[in-house]
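I have placed the structure first, in the form of structure tokens, so that the comments after it can refer back to it.
The values are calculated or read from the model by the stated rules, or taken from the named source; none is laboratory data. Not measured: the values here are computed from a predicted model. Cβ placement follows ideal geometry from the backbone for every residue including glycine, while neighbour counts extend to all protein chains displayed.
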């Protein structure tokens, strides 16, 4: 389990955190095994590290801008999935349409990003 999940032994002083750690580890392992089995059934024979690397670039990006009146505008956008990501999502029957672009303007005047000259 340590290899695929990237988990390492976690030593707790109390029984409850130890039991919780074991439960989360077993749950994660079962999810990983289910994903890999579903992909193998669909004739996709990637290992877990390859799948993680392929899917790691499909992210949601936040662009932050300062307005002249001192407010901050955040624009959240999803990166379009690549052909390999699209294929993995299809084989797993996961919805892969991008979330809508979202604009948020803070009501508090603040500066979160520095102006570049």
Flagged in the range 64-82 as exposed (fewer than 12 other Cβ atoms within 10 Å of the Cβ) and under 18 Å from the mean Cα position of the chain (by Cα), in numbering order, are 80
Within the range 56-88, residues without any contact (Cβ under 8 Å) to a residue 12 or more places away in the chain and in a loop (DSSP other than H, G, I, E, B) come out as 56, 68
Q.
Please determine whether any residue of the range 90-111 is under 14 Å from the mean Cα position of the chain (by Cα), in a loop (DSSP other than H, G, I, E, B), on the phi < 0 side of the Ramachandran plot and surrounded by 14 or more Cβ atoms within 10 Å (Cβ to Cβ).
A. yes
Across the range 9-48, the tally of residues that are assigned to a loop (DSSP other than H, G, I, E, B) and at pLDDT below 90 stands at 6
